[in-house]
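Chemist: What follows is a single structure, and I will ask about it in a moment.
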Amino acid sequence: MKRLIQQTVEDRLEYLINGHVMRQPQLISDAEAVDRKKELFARRHVEIVKAKAKAKLLHSTIQDDGTLHVQYLAHLTYVCKDVDDSFYLEEQIEKREAFLYNDMLVKDHMIEVDRQSEEIALVRFQDEEEFGRAFHYDRRAAVQYAETYWNKRNPAYKNFEDNCTNFISQCLKAGNAPTRGYPNRGSGWWVRPHTWSYSWTVAHSLKNYLTTSKAGLRAKMLKEAKELSIGDVICYDFEGDGRYNHTTIVVDHDKSGMPLVNAQTYDSRMRYWSYEDSTAYTPSIRYAFFHILDDASKSS
């Protein structure tokens, strides 16, 4: 069974690299995402020269009709050759489920996350208000945190399934961003052992906070992704309905100067910022680009 699951993720990479017909059926959303990834890399003139896939079995059950239900993690690694012949690694982790009958794969797809969840990881920070102290945003520290924890959870935090904005808040915190607004959950940006602001965990609330904040953690909204620096934040409204539902942090740039980002929930490292290869992507997607400011920054 483990060998069959491993073959499933390897088939997806075979199709991505060489364009071969996949030997096992996939949901259309997965196939379209792979096609979009190929198109995105071709448009950027970036070549995927090698790919690896690892599968980790989470649990399995046998249903009444004899069908084997399996949940597993697929860790995908792409060796990317940029326009100047330099190389970098893009990585993604997907939680997937498969149904097998008589050792034949019947169905396999990525498990969608409930993006309405407002639950959050809660770090055990000191309770005193940090607002008012001098704030210098340490971008490299924020990126280092994003690189350390993109595919694992900090044991100092209680983590939940939909963890994207909580992860970005942790990165900003690691970059020395001050909290403010406690105990009003609808105000400021803060976390305590058993309570938190909505802006700490909810993508739409963090987007609204960064748009309006004039003190402590604050940001300037930019027009284009290429203006972003490492440590800056991108918010995503996949459906284009005005409700933002994902957040990433810029950790590097490709040789064309475009951002590469890290994220959780669907754990990703050095992913191209536009998310056109995501199963959540729609042509109506909207982005909000935020350059983080500090006490040494000019707000205009």
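Quick note: the coordinates plus some simple rules give every number you see, no bench work behind them. What you see is a predicted model; the values in this text were computed from it and never measured. Every residue, glycine as well, gets a Cβ built from its backbone with ideal geometry; the counts of neighbours run over all protein chains shown.
Chemist: Lys107: which lysines have alpha carbons under 24 Å from its alpha carbon, excluding same-chain residues fewer than 8 sequence positions away?
Modeler: The qualifying lysines are Lys2, Lys37, Lys38, Lys52, Lys54, Lys56, Lys95.
Chemist: Here's another thing I want to ask about it. Just need the relative contact order of the range 224-275 here, percent rounded to a whole number, with Cα pairs under 8 Å and 6+ apart. Spell out each step's value before the answer.
Modeler: Working: 85 pairs, mean separation 14.4, N = 52.
It comes to 28 percent, rounded to a whole number.
Chemist: Here's another thing I want to ask about it. Which FRET efficiency, nearest 0.05, do Leu222 and Ala31 yield, Cβ-Cβ r, R0 41 Å?
Modeler: That gives a FRET efficiency of 0.75.
Chemist: Suppose R0 equals 25 Å. What FRET efficiency, 1/(1 + (r/R0)^6) with r the Cβ-Cβ distance, do Lys107 and Glu239 give to the nearest 0.05?
Modeler: Using R0 = 25 Å, I get an efficiency of 0.50.
Chemist: While we're on this one: Note the full-extension length gain between Glu39 and Met258 as 0.36 nm times their separation in residues minus their Cα-Cα distance, in nm to one decimal. Can you show the working numbers first?
Modeler: Details: separation 219, 0.36 × 219 = 78.84 nm, distance 1.64 nm.
Value of the extension gain: 77.2 nm.
Chemist: How much FRET efficiency would the formula 1/(1 + (r/R0)^6) give for Arg286 and Tyr88, where r is the Cβ-Cβ distance and R0 is 25 Å, rounded to 0.05?
Modeler: Numbers: r = 27 Å, r/R0 = 1.09.
E(calc), rounded to 0.05, equals 0.40.
Chemist: Taking 20 °C and 1.002 mPa s as the conditions, I'd like the Stokes-Einstein D for the range 139-293 in µm²/s, using the Kirkwood hydrodynamic radius from alpha carbon pairs. Each step should come with its number before you reach the end.
Modeler: Numbers: Rh = 15.3 Å.
Translational diffusion coefficient: 140 µm²/s.
Chemist: Ranked highest first by the average count of other Cβ atoms within 10 Å around their residues, in what order do 40-50, 62-72, 257-267, 199-209 fall? Don't jump to the answer; show the numbers that get you there.
Modeler: On the way: 40-50: 14.9, 62-72: 13.3, 257-267: 21.8, 199-209: 24.1.
The most tightly packed comes first, giving 199-209, 257-267, 40-50, 62-72.
Chemist: What GluC sites (Glu not before Pro) does the range 75-115 have in DSSP loop regions with at most 13 other beta carbons within 10 Å? The partial results should precede the final answer.
Modeler: Details: sites: Glu90, Glu91, Glu94, Glu97, Glu112; in loops: Glu112.
Sites meeting the loop and neighbour criteria: Glu112.
Chemist: Any chance you could check the Cα centroid distance between the range 30-84 and the range 223-297 for me, in angstrom?
Modeler: For the range 30-84 versus the range 223-297, the Cα centre distance is 21 Å.
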